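To start, the structure itself, in structure tokens.
The values are calculated or read from the model by the stated rules, or taken from the named source; none is laboratory data. As the structure is a computational prediction, the values presented were derived from the model and not from experiment. Every residue, glycine among them, receives a Cβ derived from its backbone with ideal geometry; neighbour counts consider all protein chains shown. Heavy atoms of the whole protein, side chains included, go into the accessibility calculation; ligands, DNA and RNA do not. Shrake-Rupley method; radii C 1.70, N 1.55, O 1.52, S 1.80 Å.
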Amino acid sequence: MKVFTVNGSPKMEKGNTSLILNPFLEGMREAGAEYELFYTSKLKIGPCIGDFICWDEKPGKCIINDDMQMLYPKLRNADILVLATPVYVPLPGNFQNFLNRLLPLIDPVLQVKAGRTRAKLHKDVNISKIVLVSTCGWWEKGNFGTVIRIAKEFAKDVNVEFAGAVLRPHSDYLGKDNKKTMRVFENCKLAGYQLVKEGKMHSDTLKVIGSPLVSRKKYVD
Ligand SMILES: Cc1cc2nc3c(=O)[nH]c(=O)nc-3n(C[C@H](O)[C@H](O)[C@H](O)COP(=O)(O)O)c2cc1C
């Protein structure tokens, strides 16, 4: 099983998103998957210019010559797409560029599903699951609402299963090396393992990952 992961944090390896993404990927690897990890901030990924050449004149081909050209074959070969990003009201700009530049993977053969017009991925794209891994700064999980909606909408638009979200609020508390934090990391690893072995992450595992590391009162104070 091949996993394509993109981390949209401008803080890259030093960010909070990496803290939960790394054990998650390690769990996937232990379960037998191979993964590749890319940081949008290390790559040159310009914005989509909206010409729709990738849909009309050259189906599946993007005419912008930047690092997406290196990523497209890897994306086509992946079975699972892991979208990792911090919440940035709603997304970091580079990561939004990456999402928009997935357009050439989409085949505009339309269908209506549950009252919405949807496309699907081209036949040569293997991706069968999309997962979100995200951190946010504020205390509540409610801060993930927009980002979850974006990931879910994208999965629905391309007719691929949304396999769930690994979410860590008030993620600046992850830096503290204590028992609760260790439990979060262990469960990130477990979630990755479950996803590969069983095709889904358990809700109790995801609950531990998102559980409070401090009371809201203490956080606000
Ligand atoms: C421009 C910007 C916008 C942000 N917007 C939100 C937000 O709307 N809600 C929230 O809870 N955290 C927000 N945050 C905090 C980040 O989501 C949080 O610190 C995250 O863990 C950073 O991940 P990273 O270290 O991997 O970059 C924002 C941070 C920045 C820099």
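Yes/no matrix, rows are residues, columns are (1) assigned to a helix (DSSP H, G or I); (2) within 17 Å of the chain's Cα centre (by Cα); (3) on the phi > 0 side of the Ramachandran plot:
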| site | (1), (2), (3) |
| --- | --- |
| I150 | yes, yes, no |
| A155 | yes, yes, no |
| V166 | no, yes, no |
| L174 | yes, no, no |
| D177 | no, no, no |
| Y193 | yes, yes, no |
| V196 | yes, yes, no |
| M201 | no, yes, no |
| D204 | yes, no, no |
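With respect to (1) assigned to a loop (DSSP other than H, G, I, E, B); (2) free of Cβ contacts under 8 Å to residues at least 40 places away in the same chain, the lone exception for D124 is condition (2).
So, in region 131-159, of the ones that are touching a residue at least 40 places away in the same chain (Cβ under 8 Å) and farther than 19 Å from G210 by Cα, which residue ends up nearest to the ligand (Cβ to nearest atom)? My answer is I150. Selection of region 9-27 for residues being polar (S, T, N, Q), within 6 Å of the ligand (Cβ to nearest atom) and open to solvent by 10 Å² or more (accessible area, probe 1.4 Å) yields only N16.
Restricting Y72, Y88, Y35 to residues that are away from the ligand (no atom under 13 Å from the Cβ), of a type in the set (F, W, Y), modelled with pLDDT of 95 or more and open to solvent by 50 Å² or more (accessible area, probe 1.4 Å) narrows the list to Y35. Name the single residue, out of those in region 75-85 being part of a helix (DSSP H, G or I) and touching a helix residue (DSSP H, G or I) at 6+ places or on another chain (Cβ under 9 Å), that is farthest from the ligand (Cβ to nearest atom). Filtering first and then ranking leaves R76.
Being out of contact with any Leu (no Cβ under 8 Å at 6 or more places or on another chain) and surrounded by fewer than 18 Cβ atoms within 10 Å (Cβ to Cβ) is a property that K176 lacks. Would you say P104 is within 21 Å of K14 (Cβ to Cβ), open to solvent by less than 10 Å² (accessible area, probe 1.4 Å) and touching a Gly at 6+ places or on another chain (Cβ under 8 Å)? Against the criterion (within 21 Å of K14 (Cβ to Cβ), open to solvent by less than 10 Å² (accessible area, probe 1.4 Å) and touching a Gly at 6+ places or on another chain (Cβ under 8 Å)), P104 does not qualify. Restricting attention to region 113-142, the residues that are under 21 Å from L21 (Cα atoms) and open to solvent by 50 Å² or more (accessible area, probe 1.4 Å) add up to 6.
For region 123-133, the count of residues that are within 30 Å of K217 (Cβ to Cβ) and under 16 Å from the mean Cα position of the chain (by Cα) is nonzero. The set of residues in region 180-202 that are open to solvent by 60 Å² or more (accessible area, probe 1.4 Å), out of contact with any helix residue (DSSP H, G or I) (no Cβ under 8 Å at 6 or more places or on another chain) and within 26 Å of K2 (Cβ to Cβ) comprises K197, E198.
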